[in-house]
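S.K.: Take this structure, written in structure tokens, and hold onto it; I'll ask about it next.
Just so it is clear, none of the values below were taken in a lab; they were calculated from the coordinates. Predicted, not measured: the structure shown is a model, and the values here were computed from it. Note: ideal-geometry Cβ built from the backbone for every residue, glycine included; neighbour counts use all protein chains shown.
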Ligand code: GH3
Ligand code: MG
């Protein structure tokens with residue numbers, strides 16, 4: 001994940017320190033040493049996130065935050081307030097000014113990267129939602145309604161996994177104003193049971209006695225139904241806790257809390273995650289809704305070539321402007337003609353339909369899957385570097401080859417697919433360039449024996 005982070009602090013060494021840390025994790029860093037300068041940069045550069053010091057002479061951090069949030073051009077940019085150690089009043093003022101999150105000084109690396117990454121993910125989602133709606137508007141669709149920013153307990157559900165009844169009760173009470181809480185004391189099948197309900201957030205304690213919380217997190221990430229659910233872990237402030245935390249974050253856990261859990265912090269973090277879930281759900285809904293419209297392909301229900309081309313244009317422009325990566329995979333079913341010849345054209349259509357379903361299920365909400373031609377498909381992956389795209393492409397390949405396709409009459413047919421992968425580089429300027437590169441990589445995959453992923457060489 002790459003992102004542009006604006007660091008605001010009047011003390012230059014503080015700026016430099018954060019800059020060094022963030023740069024080492026491949027973030028692009030902008031900096032400002034006063035509130036006014038910060039506002040100017042936010043307007044001009046539209047960073048992905050702002051790290052804002054509270055104590056600054058002239059305009060303080062709260063005022064800067066309020067101004068960012070008042071302006072419709074910038075109010076979607078997440079703000080993290082950086083406060084002095086444990087000042088509750090600062091946290092309250094920060095949240096009231098509209099900040100999404102807070103960090104306390106001295107800032108440790110784990111919390112810095114966890115918070116920044118979590119909010120950047122949320123922003124990527126929101127940006128993509130807006131892009132897609134704009135493309136939709138260009139093609140004459142209506143905009144869907146805005147995602148509500150406030151949550152009511154009746155339509156927000158949180159699963160809380162903790163064997164400490166006392167803590168669970170307290171946490172449950174704190175969250176009761178925004179959500180309906182289901183409490184589980186752990187056990188073998190927590191993750192399995194979570195599949196049955198579309199939770200908005202799962203909170204898992206990593207210090208349970210009988211149940212390994214990390215195991216639950218890893219299972220949640222592996223099931224199709226729960227792969228996208230936000231997870232917040234509660235870890236103890238000790239050496240074992242920090243080791244668990246590192247592993248949890250590697251697993252894709254979204255955020256964490258260290259006891260004693262405070263109401264404000266808990267609700268702020270829960271809200272951020274639930275909002276992320278809402279946007280991701282909305283992307284999926286949007287995806288399904290648009291499937292019924294003229295931009296979709298009748299046989300497979302995926303976006304058609306026309307929509308893909310016009311949306312790819314938008315995505316490529318955005319990626320260039322923000323200096324972000326973008327990857328594109330072109331897929332072509334192997335030896336499909338003999339399948340048609342042997343089983344008939346209707347059977348071929350059935351397979352195309354199921355093929356598309358498997359692809360759609362295995363890409364992320366921000367990815368765009370389209371039918372490009374007869375048995376040729378395209379998956380566009382915004383904000384995705386080549387190595388991640390390769391993993392996704394490989395997963396798609398296996399989704400097709402690992403399970404035979406079953407026709408309505410019960411016949412099983414083994415299908416494989418070849419994939420060509422291309423990422424934007426300096427040499428690629430147009431959507432046609434990108435598609436051409438993916439296409440020649442696909443040709444290579446066919447040539448090398450099919451059922452494989454080939455990455456286009458950088459020119
Ligand atoms: P390769 O591994 O080289 O891609 O072999 P292939 O047989 O898949 O490639 P070829 O281009 O020779 O044939 C593509 C076939 O896909 C031909 C056509 O019958 C079939 N096809 C294309 N569109 C449709 C469709 O909408 N429905 C059905 N049933 N078949 C289709
Ligand atoms: Mg083919």
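S.K.: How big is the gap, in Å, between the Cα center of the range 342-417 and the Cα center of the range 431-446?
M.R.: One Cα centre to the other: 17 Å.
S.K.: Hey, for a label at residue 243 modelled as a point 7 Å past Cα toward Cβ, could you say which residues of the range 214-237 have their backbone N under 17 Å away?
M.R.: 214-215, 235-237
S.K.: Using the basic label-point model (7 angstrom from Cα toward the beta carbon), what is the residue 250 to residue 285 distance in nanometres?
M.R.: Output for this residue pair reads 3.7 nm.
S.K.: Going by C-beta contacts inside 10 Å, put 90, 71 in order with the fewest on the left. Don't jump to the answer; show the numbers that get you there.
M.R.: Details: 90 20, 71 13.
With the sparsest Cβ surroundings first, the list reads 71, 90.
S.K.: Next up: Using just the helices of the chain, give the 222 nm mean residue ellipticity in deg cm²/dmol: DSSP H runs with n ≥ 4 each add -39,500 (n - 2.57), and the total is spread over all residues, rounded to 500.
M.R.: Values: 15 runs with 216 residues, N = 459.
My calculation for the chain gives -15500 deg cm²/dmol from helical runs alone.
S.K.: By count of other Cβ within 10 Å, fewest leading, how are 318, 76 ordered? Please list the in-between numbers first.
M.R.: Numbers: 318 17, 76 14.
Ordered from fewest to most neighbouring Cβ atoms within 10 Å, 318, 76 come out as 76, 318.
S.K.: For residue 169, put the label point 7 Å out on the Cα→Cβ axis and report which residues of the range 224-267 keep their amide N under 17 Å from it.
M.R.: Under 17 Å, as judged by backbone N against the label point of residue 169, lie 261 of the range 224-267.
S.K.: To continue, here is another question. Between residue 45 and residue 218, what length comes free when the chain is fully extended (0.36 nm per residue of separation minus the Cα-Cα distance, one decimal in nm)?
M.R.: Values: separation 173, 0.36 × 173 = 62.28 nm, distance 3.73 nm.
Contour length minus the Cα-Cα distance gives 58.5 nm.
S.K.: By count of other Cβ within 10 Å, fewest leading, how are 272, 342 ordered? Mind dumping the intermediate values first?
M.R.: On the way: 272 22, 342 11.
If I rank by nearby Cβ atoms, fewest first, I get 342, 272.
S.K.: Report the calculated FRET efficiency for residue 105 and residue 403 (r = Cβ-Cβ distance, R0 = 35 Å), to the nearest 0.05.
M.R.: 0.10
S.K.: So in the chain, what percent of DSSP beta bridges are antiparallel if you round to the nearest 5? Provide the component values of the computation, followed by the final result.
M.R.: On the way: 21 of 58 bridges.
If we restrict to bridges inside the chain, about 35 percent are antiparallel.
S.K.: If you don't mind, there's one more thing I want to ask. With an 8 Å cut-off on Cα pairs and a minimum separation of 6 or more residues, tell me the relative contact order of the range 144-294 in percent.
M.R.: In percent, rounded to a whole number, it is 22.
S.K.: What is the distance in Å between the Cα centres of the range 201-245 and the range 58-129?
M.R.: 25 Å
S.K.: Would you mind calculating the relative contact order of the chain from Cα pairs under 8 angstrom and at least 6 residues apart, reporting the percent as a whole number? The partial results should precede the final answer.
M.R.: Working: 773 pairs, mean separation 44.3, N = 459.
Relative contact order for the chain comes out at 10 percent.
S.K.: FRET efficiency for residue 343 and residue 317, Cβ-Cβ distance as r, R0 = 41 Å, nearest 0.05?
M.R.: Details: r = 43 Å, r/R0 = 1.04.
FRET efficiency, residue 343 to residue 317: 0.45.
S.K.: Is the range 1-111 best put as rounded, prolate or oblate by its Cα gyration tensor, with a ≥ b ≥ c the root eigenvalues, rounded for a/c under 1.5, and otherwise prolate when a/b is larger than b/c, oblate when not?
M.R.: rounded
S.K.: Further, regarding this structure: Would you kindly state how much longer the chain becomes between residue 412 and residue 20 on full extension, computed as 0.36 nm times their sequence separation minus their alpha carbon distance, in nm to one decimal?
M.R.: Numbers: separation 392, 0.36 × 392 = 141.12 nm, distance 5.60 nm.
Additional length available on full extension: 135.5 nm.
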